[in-house]
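K.L.:
What follows is a single structure, and I will ask about it in a moment.
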Amino acid sequence: MSRLNVAMALVLVVCALAVIQAQHRSRTYFVELERLKKEARALEEQWGQLQLEQGTWANPARVDALARTRVGLVAATQERIHVETEREETRTGAP
């Protein structure tokens, strides 16, 4: 009977250690999950800020103003604009 008690005590100790290890692993994973969630929220906030910044930088009025002031671009005069139109023969493939 004492061997059975020793064996049962040993099994009980092993099971208790397994439970403790599982709880510790669970807590460690939970802490890591919370850290990753916090990082994801920060990255989403940064993404939103970058989208706003991109919208500001790509504003057509801003690009036009910079092109005129920094690069010196000017609007083309009417004499320099030439509009090409496609002729009917070219479109249908007839010579």
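Taken together, the values in this text are just the output of simple stated rules run on the coordinates, not laboratory data. These figures come from a predicted structure and were not determined experimentally. Cβ coordinates were reconstructed from backbone atoms using ideal geometry, including for glycine residues, and neighbour counts include every protein chain displayed.
K.L.:
When the convex hull of the C-alpha atoms of the chain is computed, what volume per residue in Å³ does it have?
P.N.:
It comes to 267 Å³ per residue, whole-number rounded.
K.L.:
Something else: Using only Cα atoms and rounding to the nearest 10 degrees, what angle (0 to 90) does helix 2-57 make with the longest principal axis of the chain?
P.N.:
Compared with the principal axis, the helix lies near 10 degrees.
K.L.:
Towards the positive end of the charge dipole of the chain, with charges on Cβ (+1 Lys, Arg; -1 Asp, Glu), say which of V13, S2, T77 has the farthest Cα.
P.N.:
S2
K.L.:
Take the chain, mark every one of the GluC sites (Glu not before Pro) that falls in a DSSP loop and has at most 11 other Cβ within 10 Å, then report the longest stretch left between them, sites excluded.
P.N.:
With GluC sites (Glu not before Pro) excluded where exposed in loops, the chain gives 1-83 as its longest stretch.
K.L.:
About its Cα centre, how strong a charge dipole does the range 1-86 have in debye, to the nearest 20, once Lys and Arg get +1 and Asp and Glu get -1 at the Cβ?
P.N.:
Dipole size: approximately 760 debye.
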